[in-house]
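The values are calculated or read from the model by the stated rules, or taken from the named source; none is laboratory data. Small disclaimer: the values here were computed from a predicted structure and weren't measured. Cβ sites come from the backbone with ideal geometry, for glycine too, and all protein chains shown count toward neighbours.
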């Protein structure tokens, strides 16, 4: 009897470590890809450990039978997780080496589940297995799979790129670029049709002396992409959630990033960037939130989606300097470049300085990631430029200039003062020979419908009372007998 009981106890003691207690779950990985490096450690990352890809407490144990195991503590509800080799750059992929969705498990009364790791994103392509292959460098990590978007009542995956010297320069603060279609920025394996190679580009530029930038890649919502990337509803394609999406970036995501990373949180250090529909929402967001964004990359914007994108600059008016980089290709559509130029004209008409609106048209450009990848570095370097001033209500913002005339204050309450040009040369002195400068100017103020609400003939610097005008954006036109007419946006508060 004693011997029988001892044998039973001995057998039970061998199996006890892998017999889950009530509520626990033991995960057994039966196999890993054949090209997994010898000695590689496998980790589990998920909602139970803040998606830490290399948590030592969540490293799987290698067993004599070559399986890998871990027992998670008792829990409840449903958890999401993935396997990694210690970083998000070395995360598991699907059978083709491309992005695989999160795994999920719902806690029971104590389970054992057996799984297989089909590929590693960063090794699958080079192993000869085909597929997309992971290409994100070590500076890229998955911030979270489940960032809550309160204004849209949904979750979103967020990627993060940190500059090369982020860990070794503890006093350095970096500008932040908020970019749309985050799955297409860093990794060919997660991309829809190729990646931008933002991480490779910024890492390369760091080696050439660039200070660097933090990039926050917001993945698109798949079926929600068009809805989120347009403030207006298209009768065929949807839309209409753009304002809520931008509110998420400005009110939720930006404060989160600023609180946890060494960012330049001022508007001088805050950018927004996207392509196609992402270009549309970037353009809209930069004009709407001039107090937040100082630089915007607008690649191949879907300006066809709604003509109101052309009206928005005049409706919002110029309040703060913003650098706009507008870029598209001639092979995209017949309307792309004309609309891009029209957008530039509207920005200038609204008062944004011409020196801060860069329009680039490429003869070979197509609506594709390879094109945006190729153009990213030049756009980034132009946008970075020198620091942009944040002051509002300057006496002479370029947006309030008619040739050399100054209009101030603008935005205005009460009266505006117009200072007429003092330099009539402008590189064309012969134009003014024999011209009587008296009675040389007239002006008009037109409302949004194009109706003239004020007009007068000018002889010298003057004031105009605008207290009788309703708040809004008007067009101020100065007529010069020689130079003809010039226009700026006049904002009446």
Criterion first (part of a helix (DSSP H, G or I), in contact with a helix residue (DSSP H, G or I) (Cβ under 6 Å, 6 or more places away or on another chain) and at pLDDT 95 or above) does residue 327 satisfy it? no
Confirm whether residue 128 is at pLDDT below 90 and farther than 19 Å from residue 57 by Cα. yes
May I ask you to say which residue of 99, 81 is within 29 Å of residue 191 (Cβ to Cβ) and assigned to a strand (DSSP E or B)? 81
Of all the residues that make up region 370-387, how many are in contact with a helix residue (DSSP H, G or I) (Cβ under 6 Å, 6 or more places away or on another chain) and crowded, with 19+ Cβ neighbours inside 10 Å? 1
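When the residues of region 97-107 are narrowed to those that are surrounded by 13 or more Cβ atoms within 10 Å (Cβ to Cβ) and without any contact (Cβ under 8 Å) to a residue 60 or more places away in the chain, which ends up farthest from residue 137 (Cα to Cα)?
Here the residue is 103.
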Looking at 57, 74, which one is under 28 Å from residue 23 (Cβ atoms), assigned to a loop (DSSP other than H, G, I, E, B) and free of Cβ contacts under 8 Å to residues at least 60 places away in the same chain? 74
Output the helices (runs of 4 or more DSSP H) that fall wholly within region 202-321 and possess 1 or more residues being crowded, with 19+ Cβ neighbours inside 10 Å and in contact with a strand residue (DSSP E or B) (Cβ under 7 Å, 6 or more places away or on another chain), or say none. 225-228, 254-260, 277-288, 308-316
Scan region 339-351 for residues that are touching a helix residue (DSSP H, G or I) at 6+ places or on another chain (Cβ under 6 Å) and farther than 18 Å from residue 302 by Cα and jot them down. 348, 350, 351
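Listed here are the residues, each with its yes/no results for (1) more than 32 Å from the chain's Cα centre (by Cα); (2) in contact (Cβ under 8 Å) with a residue 40 or more places away in the chain.
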| site | (1), (2) |
| --- | --- |
| 30 | yes, yes |
| 35 | yes, yes |
| 43 | no, yes |
| 62 | yes, no |
Counting only residues that are surrounded by 15 or more Cβ atoms within 10 Å (Cβ to Cβ) and more than 17 Å from residue 104 (Cα to Cα), which one in region 45-60 is farthest from the chain's Cα centre (by Cα)? 60
Do you know which residues across region 189-202 are under 18 Å from the mean Cα position of the chain (by Cα) and over 18 Å from residue 276 (Cβ atoms)? 199, 200, 201, 202
Quick one: would you say residue 110 is at pLDDT below 80, surrounded by fewer than 20 Cβ atoms within 10 Å (Cβ to Cβ), outside the structural domain of residue 157 (by TED's automatic domain parsing) and on the phi > 0 side of the Ramachandran plot? yes
